[in-house]
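The values are calculated or read from the model by the stated rules, or taken from the named source; none is laboratory data. On a predicted model such as this, the values are computed, not experimentally measured, just so you know. Neighbour counts are summed over all protein chains in view; Cβ atoms, including those assigned to glycine, are modelled from backbone coordinates with ideal geometry.
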């Protein structure tokens, strides 16, 4: 009986710890959406332009994070292909999370 209780407890802990809503990665379609909406903020180059928090770029970032229930810009940056990497800075993509939530 004790072994059964331990097994049930471990099963419950596993179910709680692994949130199935965050288990799937971002998609290429989501990457294309973020790149399309946030294009001017992630271009390669020395100029750093922060997106307005009430603008469409931050809206898309927040919506994607709402769907996945976690920050997604690292995933989006990892989806940039060779052609994207010629134009866009993956570091700027990764920082969209912070840019869209901090006060500036």
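Every residue, every condition in (1) modelled with pLDDT of 95 or more; (2) touching a helix residue (DSSP H, G or I) at 6+ places or on another chain (Cβ under 6 Å), yes or no:
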site: 12; (1), (2): no, no
site: 21; (1), (2): no, no
site: 31; (1), (2): yes, yes
site: 34; (1), (2): yes, yes
site: 71; (1), (2): no, yes
site: 80; (1), (2): yes, yes
site: 95; (1), (2): yes, no
site: 101; (1), (2): no, no
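In region 73-87, which residues are surrounded by fewer than 20 Cβ atoms within 10 Å (Cβ to Cβ) and closer than 13 Å to residue 41 by Cβ? Within region 73-87, just 87 meets the criteria. Listed by first and then second residue, the pairs with beta-carbon distance under 8 Å, at least 6 apart or on different chains, first residue in region 30-49 and under 10 Å from residue 76 (Cβ atoms), second outside any helix (DSSP H, G or I) and at pLDDT below 95, are 30/72. Candidates 63, 53: the one that is more than 14 Å from residue 31 (Cα to Cα) and surrounded by fewer than 17 Cβ atoms within 10 Å (Cβ to Cβ) is 53.
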